[in-house]
Amino acid sequence: MLQWTKVASRLAADWPWRRSVCGGAPLLASNKFKGEKKKPQRPPGKAKADKKEVEIRRTMTVEALARAMDKDADDVLEALVNTGLDMSALDERSVLEERSIKEAVTRSGMKFRWEKLSEPPLPRPNRDAVPGPPAPADRLVPRPPVVTVMGHVDHGKTTLLDSLRKSQVAASEAGGITQHIGAFRVDLPTGERMTFLDTPGHAAFSAMRARGAVATDIVVLVVAADDGVMAQTVESIRHAKRAEVPIIVAVNKCDKNGADPERVKRELLAHDVVCEDLGGDVQAVDVSALTGRNLPALAEAVAALAEMLELGAPLDGPAEALVIESRTDRGKGPVTTVLVQRGSLRRGRLLVAGKTWAKVRSLTDERGRSVEEVRPGEAVEVCGWREAPSAGDVVLEVESEQRAREVSEWRCHQEAEERLVAEESAVLAERQRHRDAYGEERASLAHLSWRQRKSLLYRRDRKNFARRVSEKNVASEDPRLALVVKADVDGSLEAIMNILETYDAHDQCQLDVVHVGVGDVSENDVGMAQAFGGKCHRLDHLARAIRLTALLFTGAVYGFNVSASKAVLRAAERQDVPVKTHAVIYKLMDELKADIGGRLPPRVTREVLGEANVLAVFDVTTAGKKRMPVAGCRVFKGQLERKMKFRLLRGDEVRWEGGLLALKHHKDDVASIGSGSECGLSADGDVDFQPGDVIQCYREVEVAQVTDWDPGF
């Protein structure tokens, strides 16, 4: 006990406290510590640095993460070394998982935080322009009727209009058929003024006929008395009934031999068109457009029906019109033919149509004369558009250029939104299809163990696993045609695109429409066709015989009612791009079908030269003491030629194909032997000849393929 007391006293003397373990004063002996411990001081230059924060989100690419970290992509890849990732498969576009993103940030000496979700943007205010409300009856003034001439091709629609307005439009039409909607004003001797629309009768221009029916007040249905009701006649009736437009039947070509107007009226009964002669309410006039017979009676019938309809429109207020046709003129730029439906259209006014707008620079009638004002019910060409609107667009007058720009931008925004929604729907549908396919595949393998599933999937996809990534991404070498289409007006382009949408022979040749437009062929069109062109497997005979190389086919430029300058043709020749222009639509489609067929690989067929029956089989010993079977045959059809190919038929089964070692007549070697002769032949290979077999001699012939696509005419 005494020893512990001495030790405690010694410790108390050395300890800073006065109170020892055995007792002492309660006060501190020093001011060095005053009840709390002081934190150690960091030496200068050792201050703690704040880590940079990096905003991250799920599934970032290496490039996006490097941009967020303000570093190079190589720095991010270096930070991911030794993390278990396959570094050889990573590049700037590789998508990283959440774990790898966090690890790259922390290894780079930074800290991460999740990116804040952006608030949805406020809805954009509607800045569209809309047609005005119906005008009251006291503001309406009489207007000329809009009459559309419709019917089957070559039934005399344009010739009828020629006789009415004393012009020669039909003579200028390519191929003698109308291929655009023509808008004409006709002043009758009685003083009435009418606006006629001449629609094409060809099957390809169905959309034009529908548009003409919508824009019209009265439909004059032209039916040839010697031809009767045809396919486009029925289609025109359907368009008129859908638009709820009254019909007047003009039975044309009544001056021809074999004309039977009564038969035409009876045929119309089957399509719910009952003429007045048969107890209905549809006027029918027998006319001859070529001689002018009964044309005044037809004009009177149209004027009487227009008077019954009491057509009127307001003259004041903003103008409203409908785009009948649209084209690009080399000197004027985009030009449209519009039909004024409301208000008065004047020069200098601001118009919007579709996603484009115009400040009216000039107004031109159908005879090329400049006009200052166009009233309702009249058609006019408008020049001054920023871009060519589409046929069928509604034209609205606005008060200022700023307002026109707002409407155009709003409509572009609306179209982009609709396209985005459609693309998202397509993506979701495709994703759901993949999920369903994956679920079905997993269900079919559910009864197997994981080892069995892995082995089965490996055997099934072994070829893909063995291929390099570069080989998997190689473009298909199937025949394809990159097509650039140019037309003179928007309606013709619409008709051509409707035909191309029916293309259903993609398994033979892939048809890619890479660009369409209105106007003459330009060097840009040629360059685009050349850039998107592809290879074709068809081999030229001369190239096969000399170089054994495949021909390279670029794309093609097809123009309808347009021209190509000499500079464009020289550029196309340098780039091996064919430029083909036509003025008749069915000739253009025939050329396109021939072009597609020319890109298909030839089909190899067998042309049988001769046939022989095997009568007996002999074994002959050759000089090398080798026994060889020899067939004794009699030729019963054509002739056998030693250098050609042969095959052995036993019933309907082919037992052998190849060449001959020898062909003999008696003991002489011969090059060929004709019908009715006997011969002996030995085959190149092990062949089991039997009496009764048939031996055919044939040669392989390459035959050009024809596409299965039928455009409908």
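The values are calculated or read from the model by the stated rules, or taken from the named source; none is laboratory data. Treat the numbers as computed from the prediction; the structure is a model and nothing was measured. Glycine gets a Cβ as well: all are built from the backbone with ideal geometry, and neighbour counts include every protein chain shown. Ligands, DNA and RNA are excluded from the accessible area calculation, which covers all protein heavy atoms including side chains. Shrake-Rupley method; radii C 1.70, N 1.55, O 1.52, S 1.80 Å.
Among 66-75, 377-386, the peptide with the highest mean count of other Cβ atoms within 10 Å heads the list, and the full ranking is 377-386, 66-75.
Could you list the trypsin sites (Lys or Arg not before Pro) in the stretch 557-646 that lie in coil according to DSSP, counting only those with at most 15 other Cβ atoms within 10 Å of their Cβ?
LYS625, LYS626, LYS643
Each Lys or Arg adds one and each Asp or Glu takes one away; over the other residues whose Cβ falls under 9 Å from the Cβ of GLY610, this sums to -1.
Per residue, the stretch 554-596 exposes 45 Å² of accessible surface when a 1.4 Å probe is rolled over the protein heavy atoms with every protein chain present. Computed from backbone phi with θ = phi - 60° and the Karplus coefficients 6.51, -1.76 and 1.60, the 3J(HN,Hα) list for the stretch 627-636 is 7, 10, x, 10, 9, x, 10, 10, 7, 10 Hz; x is used for glycine and proline. As a ratio to 2.2 N^0.38 Å, the alpha-carbon radius of gyration computed for the stretch 584-713 takes the value 1.50. Distant-in-sequence amide contacts of ASP393, defined by a placed amide H-H separation under 5 Å and a gap of 5 or more residues or a different chain, comprise VAL323. Ordering 500-513, 122-135 by mean Cβ neighbour count within 10 Å, with the highest value first, yields 500-513, 122-135. Evaluating 6.51 cos²θ - 1.76 cosθ + 1.60 at θ = phi - 60° for every residue in the stretch 377-388, the Karplus couplings come out as x, 10, 9, 7, 8, 10, 10, x, 6, 5, 9, 6 Hz, glycine and proline recorded as x.
Could you work out the local net charge near ARG650, counting Lys and Arg as +1, Asp and Glu as -1, over the other residues with Cβ closer than 12 Å to its Cβ? Walk me through the intermediate numbers first.
Numbers: positive: ARG647, ARG655; negative: ASP652, GLU653, ASP688, ASP693.
Around ARG650, the charge tally is -2.
Averaged per residue, the stretch 636-713 has 60 square angstrom of accessible surface, using a 1.4 angstrom probe with ligands and nucleic acids left out. With θ taken as phi - 60° and the Karplus curve 6.51 cos²θ - 1.76 cosθ + 1.60 applied, the whole-hertz 3J(HN,Hα) list for the stretch 521-530 is 5, 10, 5, 5, 5, 5, x, 5, 5, 5 Hz, x standing for glycine and proline. So which aspartates and glutamates pass the test for LYS593, namely a Cα distance under 18 Å, with those fewer than 8 places away in the same chain ruled out? Excluding near neighbours in sequence, the set is ASP478, GLU501, ASP504, ASP507, ASP512, ASP708, ASP710. Of all aspartates and glutamates in the structure, those lying under 14 Å Cα to Cα from LYS643, and not within fewer than 8 positions of it along the same chain, are GLU657, ASP669, ASP684, GLU700. Applying both filters, DSSP loop and at most 15 other Cβ atoms within 10 Å, to the trypsin sites (Lys or Arg not before Pro) of the stretch 255-315 gives LYS256.
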